[in-house]
1. Which is under 26 Å from G172 (Cα atoms) and not β-branched (V, I, T), of P69, P37, P43?
2. Of the numbered conditions (1) exposed (fewer than 15 other Cβ atoms within 10 Å of the Cβ); (2) in contact with a Ser or Thr (Cβ under 8 Å, 6 or more places away or on another chain); (3) farther than 16 Å from R175 by Cα, L97 satisfies every one except a single condition; which is it?
3. Name the one entry in A121, A116, A144 that is surrounded by fewer than 17 Cβ atoms within 10 Å (Cβ to Cβ) and within 6 Å of the ligand (Cβ to nearest atom).
4. With the checklist (1) open to solvent by less than 50 Å² (accessible area, probe 1.4 Å); (2) at pLDDT below 85; (3) more than 12 Å from the ligand (Cβ to nearest atom) in hand, flag the one item T190 doesn't pass.
5. Would you mind finding the one in P81, P127, P69 that is under 25 Å from S167 (Cβ atoms), without any contact (Cβ under 8 Å) to a residue 60 or more places away in the chain and within 16 Å of the ligand (Cβ to nearest atom)?
6. If we keep just the residues of the stretch 156-182 that are more than 14 Å from F113 (Cα to Cα) and open to solvent by 30 Å² or more (accessible area, probe 1.4 Å), which is farthest from the ligand (Cβ to nearest atom)?
Amino acid sequence: MGRVVLNGFLLLVVILSVASSWILSSDPTRPNFEFLPQMAHSPRYNTFASNPNFADGSTLQRPEPGTIPRGHVPLHYAATPQDALRAGEELKSPLELNNLRARQRGEFVFANFCTACHGAAGAGNGPVPQRGYPAPPSLLAEHALKMKDGQMFHVLTYGQNNMPSYSGQLSGEDRWNAIVYVRTMQAAATPAPAPVAPSTSPLKAAQADAAKVPGGQP
Ligand code: HEC
């Protein structure tokens with residue numbers, strides 16, 4: 001008797017599974033039977049559509065003050081010469097100079113974003129100045145050699161005179177990568193630093209230079 005029940009049950013299972021595989025579509029491009037469709041298709045508002053749920057009637061809301069985009073590191077400097085110097089004193093590069101990945105990425109960034117003006121070797125003779133744009137100083141010259149990483153980051157972030165801001169084009173990390181590559185070029189071009197006492201202090205030179213920083217994007 002028990003065997004008959006068991007066989008009947010197994011037969012029912014077989015019938016049910018054959019029937020369900022026949023009912024349920026095997027075409028993966030078409031939606032199948034939907035259980036509780038409201039959960040899959042909830043009401044929504046398009047970004048720029050009006051919206052009765054908010055006081056100002058629009059769907060797109062301003063972020064809360066102080067909101068930081070994911071992955072963004074806030075930079076507490078203004079586009080001023082003083083802050084360029086302060087960045088030089090306070091901001092340290094997160095990357096070691098012997099970081100091969102940073103150097104390779106920096107080389108890519110430099111080739112794509114900097115050589116147009118600064119030239120492939122950083123000498124300041126890229127195609128753009130050759131066509132009349134004010135030529136940048138050589139990145140291998142003493143001034144750029146002595147410029148601290150943090151100040152260079154400030155230059156790339158906010159610009160400096162005719163040097164435009166690159167904060168819109170390059171992430172913070174890529175700006176640091178580019179600086180690693182600039183340092184690599186500088187090291188290759190200056191094999192032995194001469195041990196001469198500087199006649200003007202590096203700070204004075206930096207201050208004179210930083211007096212030229214224009215406004216820019218943070
Ligand atoms: C549109 C041309 C242009 C591009 C592109 C450009 N620069 Fe410049 N850069 C300049 C000019 C011009 C100056 C000189 C600014 C000044 O007179 O203070 C300069 C200055 C600099 C300085 C300061 C040098 C010093 O001795 O004061 C650094 C560092 C620098 N650029 C790095 C870069 C890097 C890295 C990139 C690529 C991400 C880049 N620049 C892209 C034009 C450019």
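1. P69
2. (3)
3. That would be A116, the only listed residue that is surrounded by fewer than 17 Cβ atoms within 10 Å (Cβ to Cβ) and within 6 Å of the ligand (Cβ to nearest atom).
4. Condition not satisfied by T190: (1).
5. Being under 25 Å from S167 (Cβ atoms), without any contact (Cβ under 8 Å) to a residue 60 or more places away in the chain and within 16 Å of the ligand (Cβ to nearest atom) holds for just one of P81, P127, P69, which is P127.
6. It comes out as E173.
Okay, residues lined up against (1) out of contact with any strand residue (DSSP E or B) (no Cβ under 8 Å at 6 or more places or on another chain); (2) assigned to a loop (DSSP other than H, G, I, E, B); (3) at pLDDT below 95; (4) not aliphatic (A, V, I, L, M):
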| site | (1), (2), (3), (4) |
| --- | --- |
| T157 | yes, no, no, yes |
| A178 | yes, no, no, no |
| S199 | yes, yes, yes, yes |
| A208 | yes, no, yes, no |
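The values are calculated or read from the model by the stated rules, or taken from the named source; none is laboratory data. These figures come from a predicted structure and were not determined experimentally. Ideal geometry is used to build each Cβ from the backbone, glycine not excepted, and the neighbour counts take in all protein chains shown. Heavy atoms of the whole protein, side chains included, go into the accessibility calculation; ligands, DNA and RNA do not. Shrake-Rupley method; radii C 1.70, N 1.55, O 1.52, S 1.80 Å.
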